[in-house]
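Asks: What follows is a structure written as structure tokens; I'll ask about it next.
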Amino acid sequence: MQYDVTAIKEMIPHRYPFLLVDKVVDIVKGESGTGIKCVTINEPFFPGHFPDQPVMPGVLILEAMAQTAGVIAIDSLGDDAKGSKAVFFMGIDGAKFRKTVVPGDRLEMKVTVLRGGGAVWKFQGEAYVEGTKVCEATLTAMMGGN
């Protein structure tokens, strides 16, 4: 199973300039999936981060992982959840940034469900560029809660 950006926008509320996933592929329902973000020089954060050496902010790599996790969770819950459930992230543990992400990179967020199905979900996320791990973290989220 996979989703393009149009389908992703039906599943999660994020929009430009904060929608950080172009597509989600290789979804195994309730288990895992891979988000893809094609990073370009036109990203709105590059003029300030940093003007002479553009680098994608690490927190936005984490956000891209979180958005991928949200799509996987909504997919796991089925069609009834699409467009009606928000995924609120409660915690990020063990975040490590191993390499910079720059314009021209194809960022792949591999996300695995560690615990899910109820109100609270836990995910393991790893981000890669050309097969090299650039970021990793454990993410905890609540479905549709405050």
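The values are calculated or read from the model by the stated rules, or taken from the named source; none is laboratory data. Only a predicted model underlies this, so the values are computations on that prediction, with no experimental measurement involved. Positions of Cβ are backbone-derived with ideal geometry, glycine not excepted, and every protein chain shown enters the neighbour counts.
Asks: Do you know which residues across the range 32-44 are loosely packed, with under 13 Cβ neighbours inside 10 Å and out of contact with any Asp or Glu (no Cβ under 8 Å at 6 or more places or on another chain)?
Replies: T40, I41, N42, P44, listed by residue number.
Asks: Additional query: Could you tell me how many of the residues in the range 115-139 are in contact with a Leu (Cβ under 9 Å, 6 or more places away or on another chain) and not in a loop (DSSP other than H, G, I, E, B)?
Replies: 13
Asks: Tell me whether the range 64-79 contains one or more residues that are assigned to a loop (DSSP other than H, G, I, E, B), surrounded by 13 or more Cβ atoms within 10 Å (Cβ to Cβ) and either free of Cβ contacts under 8 Å to residues at least 12 places away in the same chain or touching a helix residue (DSSP H, G or I) at 6+ places or on another chain (Cβ under 8 Å) (or both).
Replies: The answer is no; no qualifying residue exists.
Asks: Let me ask another. Suppose we filter the range 98-125 for residues that are touching a residue at least 40 places away in the same chain (Cβ under 8 Å) and either of a type in the set (K, R) or closer than 22 Å to I12 by Cβ (or both); how many remain?
Replies: 14
Asks: For the list (1) of a type outside the set (S, T, N, Q); (2) surrounded by fewer than 17 Cβ atoms within 10 Å (Cβ to Cβ); (3) at pLDDT below 95, I need the number of the one condition that V87 fails.
Replies: Failing condition for V87: (2).
Asks: Do we have any residue at all in the range 27-42 that's more than 15 Å from G116 (Cβ to Cβ), free of Cβ contacts under 8 Å to residues at least 60 places away in the same chain, of a type outside the set (A, V, I, L, M) and touching a Pro at 6+ places or on another chain (Cβ under 9 Å)? Quick ask: steps written out before the conclusion?
Replies: Let us first name the residues in the range 27-42 that are more than 15 Å from G116 (Cβ to Cβ), namely 34-42.
From what's left, free of Cβ contacts under 8 Å to residues at least 60 places away in the same chain: 42.
Then drop every residue that is not of a type outside the set (A, V, I, L, M), which leaves 42.
Add one more test, that the residue is touching a Pro at 6+ places or on another chain (Cβ under 9 Å), and what stays is 42.
Among the residues of the range 27-42, at least one is more than 15 Å from G116 (Cβ to Cβ), free of Cβ contacts under 8 Å to residues at least 60 places away in the same chain, of a type outside the set (A, V, I, L, M) and touching a Pro at 6+ places or on another chain (Cβ under 9 Å), which makes the answer yes.
Asks: May I pose another question? Please specify each residue of the range 11-20 satisfying the condition of being farther than 10 Å from V71 by Cα and in contact (Cβ under 8 Å) with a residue 12 or more places away in the chain.
Replies: P13, H14, P17, F18, L19, L20
Asks: Next question, about the same structure. Would you point out which residue out of A95, A141, A127 is among the aliphatic types (A, V, I, L, M) and farther than 24 Å from F50 by Cα?
Replies: After applying the criteria, what remains is A141.
Asks: Being touching a strand residue (DSSP E or B) at 6+ places or on another chain (Cβ under 6 Å) and over 20 Å from A137 (Cα atoms) narrows it down to one residue among D93, D52, D75; which is it?
Replies: D75
Asks: What's the number of the condition P51 fails, among (1) of a type outside the set (D, E, K, R); (2) at pLDDT 95 or above; (3) loosely packed, with under 12 Cβ neighbours inside 10 Å; (4) part of a loop (DSSP other than H, G, I, E, B)?
Replies: Unmet condition: (2).
Asks: Scanning for something more than 22 Å from V101 (Cβ to Cβ) and of a type in the set (G, A, S), does the range 20-41 turn up at least one residue?
Replies: Yes, there is a match, as at least one residue in the range 20-41 is more than 22 Å from V101 (Cβ to Cβ) and of a type in the set (G, A, S).
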